[in-house]
1. Can you pull out every residue in the stretch 103-118 that is out of contact with any helix residue (DSSP H, G or I) (no Cβ under 7 Å at 6 or more places or on another chain), modelled with pLDDT of 85 or more, of a type outside the set (Lys, Arg) and under 20 Å from Glu35 (Cβ atoms)?
2. Any chance the stretch 21-37 includes a residue that's at pLDDT below 70 and over 24 Å from Lys107 (Cα atoms)?
3. State the number of residues belonging to the stretch 22-54 that are touching a residue at least 12 places away in the same chain (Cβ under 8 Å), of a type outside the set (S, T, N, Q) and not in a strand (DSSP E or B).
4. Which one is farthest from Asn64 (Cα to Cα), of the residues in the stretch 188-220 that are charged (D, E, K, R) and touching a Phe, Trp or Tyr at 6+ places or on another chain (Cβ under 9 Å)?
5. Residues that are touching a Lys or Arg at 6+ places or on another chain (Cβ under 6 Å) and either without any contact (Cβ under 8 Å) to a residue 12 or more places away in the chain or not polar (S, T, N, Q) (or both): does the stretch 121-134 have at least one?
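The values are calculated or read from the model by the stated rules, or taken from the named source; none is laboratory data. These figures come from a predicted structure and were not determined experimentally. FYI the Cβ positions are ideal-geometry reconstructions off the backbone, even for glycines, and counts take in every protein chain you see.
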Amino acid sequence: MQSIINIIIIMSINFVSCGSKYNDYTKYQTFNENELKGEGTKNIKKPCVFVKEEQDTIFVIKSNRKDEVLKYVNKGEYWCRYIKIQGKPSNLKLSTTPKIYERFITKDTIIEYYYYLEDGNRIDETIKLKINNICITLIDNNLKFSDINNPFPELKFIVDNYKENYPSKSTAIDYQPKYYYVYEKEISKDYLYVYELKGNQKRKVSINKLNSLGEFDISPKIW
C-alpha cells in the first residue's frame, strides 16, 4: 500500500514539474511582432506560443521550438531583439564566423540589421526596413556608426532618408556600394506570397505555406 502511495506522489510531482515551466507564461495561438503581443486565446492549435511579459522584457517560446527563447528588450524609444547565427558569407573561409542579426521594433516599423564579424570588424552589412506589407532592403558596403553599441539612432536616420541616399535596384549597377530593392507580401488562404517590386511591375519570388502560427513561424530568406 505504501509503495502505491509513493508511486502516486512521484507521478504527481513529475506532473507539476512538467507543467511549471510555463506557469509564468500565457498561451496564445501566435505572436504579433509589430505590436509585441500574443494573439488568439480560443481554440488554440499546435504549434502555438507561450508569452511572458516583465517590466522591460518580453519572452516568447514556440511550442515546436521549446529550446529557443525569443527575448525582446525595451530600450525606451524602441524594442530590440538580438540573435547570433553560425554561418559565413561566401567570401570568407572561416566557418565559425558568426552572423549577427539585430531587430529594432518601433511603432509599425521593424528595422533589421544583419552583418558578419571578421576580426572584430563588421562586414557584408544589410539593413531591412519592414512597414506593414512592404519590406525594403538596403545594401550598403560602407556603413559606419559613431556608437557601435547603439546603432539605432543612425539606423533610423538611414531608413528615414533612404530614397535620397540609395539608388533603386532597377537602376543600380551590381557593383554600386549602395542600392535598395522592395518586396511586397500577400497572404491568401494558407499561403504567404512575396513579390519583388520594380517600378510598376512585380515578380513572384517566394511562396510559403503557413501553419497555425501564421507568419510568425515563417522565415523566407528575403522576408
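1. The first filter runs over the stretch 103-118 and keeps only residues out of contact with any helix residue (DSSP H, G or I) (no Cβ under 7 Å at 6 or more places or on another chain), leaving 103, 105-110, 112, 114-118.
Filter once more, so that each one left must be modelled with pLDDT of 85 or more: 103, 105-106, 109-110, 112, 114.
Narrowing further to those that are of a type outside the set (Lys, Arg): 105-106, 109-110, 112, 114.
Correct list: Ile105, Thr106, Thr109, Ile110, Glu112.
2. To start, the set of residues in the stretch 21-37 that are at pLDDT below 70 comprises 21.
Still in the running and over 24 Å from Lys107 (Cα atoms): 21.
Yes, because at least one residue in the stretch 21-37 is at pLDDT below 70 and over 24 Å from Lys107 (Cα atoms).
3. Residues flagged as touching a residue at least 12 places away in the same chain (Cβ under 8 Å), of a type outside the set (S, T, N, Q) and not in a strand (DSSP E or B) within the stretch 22-54 amount to 11.
4. Looking only at the stretch 188-220, we keep the residues that are charged (D, E, K, R), and these are 189-190, 196, 198, 202-204, 209, 215, 217.
With touching a Phe, Trp or Tyr at 6+ places or on another chain (Cβ under 9 Å) added as a condition, the list becomes 196, 198, 202-204, 209, 215.
Values: Glu196: 30, Lys198: 37, Lys202: 34, Arg203: 32, Lys204: 29, Lys209: 16, Glu215: 15 Å.
Out of the qualifying residues, it is Lys198.
5. No: the stretch 121-134 contains no residue that is touching a Lys or Arg at 6+ places or on another chain (Cβ under 6 Å) and either without any contact (Cβ under 8 Å) to a residue 12 or more places away in the chain or not polar (S, T, N, Q) (or both).
For every residue, the table says whether it meets (1) modelled with pLDDT of 90 or more; (2) surrounded by 18 or more Cβ atoms within 10 Å (Cβ to Cβ); (3) farther than 30 Å from Ile61 by Cα.
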site	(1), (2), (3)
Gly120	no, no, yes
Ile134	yes, no, no
Asn142	no, no, yes
Asn149	no, no, no
Tyr180	yes, yes, yes
Glu184	yes, no, no
Tyr195	yes, no, no
Arg203	yes, no, yes
